[in-house]
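Since the structure comes first, as structure tokens, the remarks are kept for the end.
Every number here is computed from the coordinates shown, using simple stated rules; none is lab data. All values derive from a computational prediction rather than experimental measurement. Here the Cβ is made from the backbone with ideal geometry for all residues, glycine too, and neighbour counts use every protein chain on show.
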Amino acid sequence: MKSLKDTFQLHNGVEIPCVGLGTWQSPDETAKNAVLSALSLGYRLIDTAAAYGNERGVGAAIAASGLKREEIFVTTKLRNAAHGYQATMEAFEGSMERLGLEYLDLYLIHWPNPVQFRTHWEESTAGTWAAFEELYKAGKIRAIGVSNFMPHHIETLMKTAAVKPMVNQLKLCPGITQSETVSYCKAHGILAEAYSPFGTGAAFHNAEMQKLAEKYGRSIGQICLRWSLQMGFLPLPKSANPMRIKENGEIFDFELTDSDMNIIAGLAGSCGEAPDPDNILF
């Protein structure tokens, strides 16, 4: 990867930009300004979710960007309360209305086992995925995937699925490598995207990360994102600060050594733990 324009190829042949802008915890107006900044700086992948409450802001930025629709790769995610075939179909239409788009590039099931479906998550996931497949085959979505799915969730989904997920978005950051899930995804041609690549900010306060930043003459954020790319992940850094957004995109002119990659991977507990999707309380 040499620039923000470079891409990973999903298993259905769709190209997805190698770094994206995350928009979690950004209200509509903040998200709009962040997306406009990112697009002006060369980002072409924007990640949002129904649960973030900012799809209108993201859509407004896309409309105001002056870029052709096909130049921007847009991801959103299904809200937890909308699992099941009919609820998913309705939720998709709601997201598209808020985004103001005619098609979506990537749609993800945000969580596999929301608390309100815990007693029958296998059935509700099957219904949701059937809706995803229908929308995908109709050309309304270019790629479909999941988020926070462990191998057993994907195995369960595949019992009734005709189309394999193209993406699994996971918490991946210093000390959180989710090696079993990532290995499973790689073996099955599923791209691992990295949300919270800074460990929700915890990496900025780690002494080892500070040493590495000084060694390479880079920010801790840039070290995190370079590590993510070299791990084969697609990182989704979130920022609303134009200078930080610019900095996060400047990660293509240096490389971490294998030993430093291992140091970062080994920082267990420095950024908390990976969430347990079977025990979330939402």
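Estimate the FRET efficiency between residue 281 and residue 86 by the formula 1/(1 + (r/R0)^6), using the beta-carbon distance for r and 25 Å for R0, to the nearest 0.05.
On the way: r = 25 Å, r/R0 = 1.01.
The calculated FRET efficiency here is 0.50.
State which stretch of the chain is the longest one without any exposed trypsin sites (Lys or Arg not before Pro), exposure meaning a DSSP loop state and at most 14 other Cβ atoms within 10 Å.
On the way: sites that count: 2, 5, 68, 159.
It works out to 160-282.
Using the Kirkwood formula on the Cα atoms of the stretch 125-245, what hydrodynamic radius do you get, in angstrom to one decimal? Please report the intermediate quantities before stating the final value.
On the way: mean 1/r = 0.0631 Å⁻¹.
This gives a value of 15.8 Å.
Taking neighbour Cβ counts within 10 Å as the exposure measure, how do 30, 125, 177 sort from fewest upward? Walk me through the intermediate numbers first.
Numbers: 30 14, 125 25, 177 21.
Lowest to highest Cβ neighbour count: 30, 177, 125.
If you fit an axis through the alpha-carbon atoms of helix 220-230 and take the longest principal axis of the Cα set of the chain, what angle between them do you get, 0 to 90°, nearest 10?
So the helix axis and the longest Cα principal axis differ by about 60 degrees.
Which length gain, in nm to one decimal place, applies between residue 119 and residue 9 when the Cα-Cα distance is subtracted from 0.36 nm times their residue separation? Don't jump to the answer; show the numbers that get you there.
Details: separation 110, 0.36 × 110 = 39.60 nm, distance 3.59 nm.
Taking residue 119 through residue 9 to full extension adds about 36.0 nm, to one decimal.
Which of 168, 265, 3 sits farthest toward the positive end of the charge dipole of the chain, with +1 on the Cβ of Lys and Arg and -1 on the Cβ of Asp and Glu?
So the residue we want is 3.
Given +1 on the Cβ of Lys and Arg, -1 on the Cβ of Asp and Glu, and no further charges, what dipole in debye does the stretch 7-265 carry about its Cα centre, rounded to the nearest 20? Spell out each step's value before the answer.
On the way: 23 positive and 27 negative charges, 37 e Å.
Roughly 180 debye, rounded to the nearest 20.
Below 30 Å, Cα to Cα, which lysines can residue 140 reach? Residues fewer than 8 away in the same chain don't count.
Here the lysines satisfying the reach criterion relative to residue 140 are 5, 32, 68, 77, 159, 164, 171, 186, 238.
For 185, 173, which order do you get if you count the other beta carbons within 10 Å of each Cβ and list the fewest first?
Values: 185 23, 173 27.
So the ranking, lowest neighbour count to highest, is 185, 173.
Based on the alpha-carbon set only, what is the convex hull volume of the chain divided per residue, in Å³? Show your work: numbers first, answer last.
Working: hull volume 32.9 nm³, N = 282.
Taking the convex hull of the Cα positions in the chain, it is 117 Å³ per residue.
Per-residue ellipticity at 222 nm for the chain, helices alone: DSSP H runs ≥ 4 residues times -39500 (n - 2.57), over residue total, nearest 500 deg cm²/dmol? Each step should come with its number before you reach the end.
Numbers: 10 runs with 108 residues, N = 282.
Value at 222 nm, helices only, nearest 500: -11500 deg cm²/dmol.
Would you mind listing how long the stretch 55-179 runs along its three principal axes, going by Cα atoms, in whole Å with the largest first?
For the stretch 55-179, the Cα extents along the three principal axes come out at 44, 39, 25 Å.
Working from Cα positions, state the angle (0 to 90°, nearest 10) between the long axis of helix 85-99 and the longest principal axis of the chain.
Tilt relative to the chain: about 50 degrees.
Rank the residues 65, 124 as a footprinting-exposure proxy: fewest other Cβ atoms within 10 Å of their Cβ go first. Before the final figure, lay out the partial values.
Numbers: 65 17, 124 23.
Ordered by Cβ neighbours within 10 Å, fewest first: 65, 124.
Using only Cα atoms and rounding to the nearest 10 degrees, what angle (0 to 90) does helix 28-40 make with the longest principal axis of the chain?
60 degrees
Out of the DSSP beta bridges found with both residues in the chain, what percent are antiparallel (nearest 5)?
Of all bridge pairs located within the chain, approximately 15 percent are antiparallel.
Which residue, 34, 91, 106, has the largest displacement toward the positive end of the dipole of the stretch 1-109 when charges sit on each Cβ (Lys, Arg +1; Asp, Glu -1)?
Value computed over the given set: 34.
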